[in-house]
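The values are calculated or read from the model by the stated rules, or taken from the named source; none is laboratory data. All figures in this text were calculated on a predicted structure; none of them were measured in a lab. Here the Cβ positions follow ideal geometry from the backbone for every residue, glycine too, while neighbour counts run over all protein chains shown.
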Amino acid sequence: MSTTTATTRIRTGLALRDVTLTYPDGESRLTALDGVSLEVAPGEFAAVAGPSGSGKSSLLAVAATLLRPDRGQIVIDGQDAGALDDRARTALRRERLGIVFQQSNLLASLTALEQLLVLEDIRGGRPRAAQERARELLASVGLDAAKQQRRPHQLSGGERQRVNIARALFGSPSVLLVDEPTSALDHERGAQIVDLLAAVTRTHRTATVMVTHDRDLLGRVDRVLTMQDGRLG
Ligand code: ADP
Ligand code: MG
């Protein structure tokens, strides 16, 4: 697959079409996603709400191309993920997707700034420009130069989420997928994180999907979808 830059590529956002996902469950299968369809445009902030076990994380894993559905299509910027081989799908994920997982997976030994730069080492980009970009992104999510030098255990839960969000934005993703970003935060800090996600969705023109079970935060997004027993309404 050819590598495109953030400035030249065409963004059309995320589409899921009639996606069904099952997991092995003893002798049979458990249906986690049941004919789910969803379209999110660039610059749009959609929330998926629903009770625990309704399939929200499964939806994000499929949208992130980390799990292959039994049936249906995942289309990212017009590319059908199911039609790609493993290498091309990994490249698509790296170049187009930003993912904030429910479990913060920051590396304990790295500073906030290094959490972003370690990605650039893997990408083999220019270290100088990357440093500059990482600093700007961290500042834009509210982490000043001093906090950028702290390790995860020296940051609050909300600040760690900000690092996660900055890291997800570092590759200039078209699609931003965020799983329960506020579950470890009090209401006020949770609301601040959702407002930050709304702001980055506008600034970076991402098609953003946030999963949450916190109904109080839903007034802050463009669109709310409800997940129930693997179905999206
Ligand atoms: P949510 O994020 O809304 O809590 P999940 O997507 O995690 O829901 O789970 C949806 C359903 O799929 C649940 O019944 C859950 O137990 C089941 N499930 C999730 N992950 C797996 C897995 N890896 N293997 C088997 N079942 C799973
Ligand atoms: Mg979940």
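A few points about this structure:
- Among the conditions (1) surrounded by 22 or more Cβ atoms within 10 Å (Cβ to Cβ); (2) within 13 Å of the chain's Cα centre (by Cα); (3) modelled with pLDDT under 95; (4) not charged (D, E, K, R), the only one that G171 does not satisfy is (1).
- Those helices (runs of 4 or more DSSP H) of segment 111-157 in which 3 or more residues are on the phi < 0 side of the Ramachandran plot, surrounded by 17 or more Cβ atoms within 10 Å (Cβ to Cβ) and not charged (D, E, K, R) occupy 112-123, 127-140.
- Taking the criterion of being crowded, with 19+ Cβ neighbours inside 10 Å and of a type in the set (S, T, N, Q), the only residue of segment 6-56 that qualifies is S54.
- In the set Q102, Q79, only one residue is modelled with pLDDT under 95 and within 18 Å of the chain's Cα centre (by Cα); that residue is Q102.
- Among the residues listed as S58, S54, the single one being within 16 Å of ligand 1 (Cβ to nearest atom) and outside any loop (DSSP other than H, G, I, E, B): S58
- Candidates in segment 82-99 are the residues that are of a type in the set (K, R) and loosely packed, with under 15 Cβ neighbours inside 10 Å; of these, the one that is modelled with the highest pLDDT is R87.
- Qualifying residue in segment 190-213 (condition: within 16 Å of ligand 1 (Cβ to nearest atom), outside any strand (DSSP E or B) and surrounded by 16 or more Cβ atoms within 10 Å (Cβ to Cβ)): yes
- Scanning segment 57-70 for residues that are more than 16 Å from ligand 2 (Cβ to nearest atom) and crowded, with 18+ Cβ neighbours inside 10 Å, we see that the one that is nearest to the chain's Cα centre (by Cα) is T65.
- For segment 70-81, the set of residues classified as more than 17 Å from L60 (Cβ to Cβ) and either among the small types (G, A, S) or assigned to a strand (DSSP E or B) (or both) consists of R71, G78, Q79, D80, listed by residue number.
- Selected residue [assigned to a helix (DSSP H, G or I) and in contact (Cβ under 8 Å) with a residue 24 or more places away in the chain] from L92, L67, L21: L92
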